[in-house]
Amino acid sequence: ARGPFPWPMSVRSAASTARLEAELEFVQRLANPDYLHHLAQTRLLDDESFCRYLGYLEYWRRPEYAALLSFPHCLHMLELLRLAPFREALKRDDFKAHVSALLEEAWRNRLDFVDAEKARLARGLLAEGGGSSALAAAGGAGGGLEP
């Protein structure tokens, strides 16, 4: 199944580019629990045609589209929005807070993982005799990495 923009960027019309940008902006907003809560509170998530639109947005999972995302966890939210119990729960303030806390924890763990990988890389460079210049190139010297 092709996405809505199967042709290369060079031959896209201004209208299709604007549509892509609008859909990119919208799908990334789904990463924001406050926005999801707003959609639920305004009953937009109860609208069957809106839910079909969310299904249409699944094309963002394709690698050529997913590469454009700054907030890839929006795809997890898009998947969860397909579930009626999740959409219903988003109407509650406590559930919005719960989703926010889970996303914050996931982000914190991701940052911890990235820091650990940088430190592992720095240790490897030092072990190979790369010295402080290699550590600096890897983001180490003065960059918060501990060899």
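The values are calculated or read from the model by the stated rules, or taken from the named source; none is laboratory data. Every value quoted in this text rests on a predicted model; they were computed, and no experiment measured them. FYI the Cβ positions are ideal-geometry reconstructions off the backbone, even for glycines, and counts take in every protein chain you see. Only protein heavy atoms, including side chains, enter the accessible area calculation; ligands, DNA and RNA are left aside. Shrake-Rupley method; radii C 1.70, N 1.55, O 1.52, S 1.80 Å.
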Tell me the label-point distance for the pair LEU68, ASP34, using the 7 Å Cα-to-Cβ offset, in nm and rounded to one decimal. 2.6
With the full set of protein chains in place, find how many percent of the accessible area of segment 31-92 is carbon and sulfur; take the probe as 1.4 Å. 57
In the calculated pair distance distribution of segment 11-109, what percentage of Cα-Cα distances lie above 17 Å? 52
With all protein chains modelled, accessible area of GLU25 [1.4 Å, Å²]: 100
Take the alpha carbon gyration tensor of segment 40-98, find the square roots of its eigenvalues, order them as a ≥ b ≥ c, and report rounded if a/c is under 1.5; if not, report prolate when a/b exceeds b/c, else oblate. oblate
Under a plain spin-label model, where a point goes 7 Å from the Cα along Cα-to-Cβ, how far apart in nm are GLU79 and ALA116? 2.1
At a probe radius of 1.4 Å, what is the per-residue accessible area of SER100, in Å² to the nearest 10? 40
Just to make sure I understand: if all protein chains stay in place, what is the order of ARG110, ARG61 by accessible area at 1.4 Å, largest first? ARG110, ARG61
Relative contact order computed over segment 24-104 (Cα-Cα under 8 Å; 6+ residues apart), in percent: 45
HN-Hα couplings for segment 34-41 via Karplus (6.51, -1.76, 1.60; θ = phi - 60°), in whole Hz with x for Gly/Pro, come out as 5, 5, 4, 4, 4, 4, 6, 4
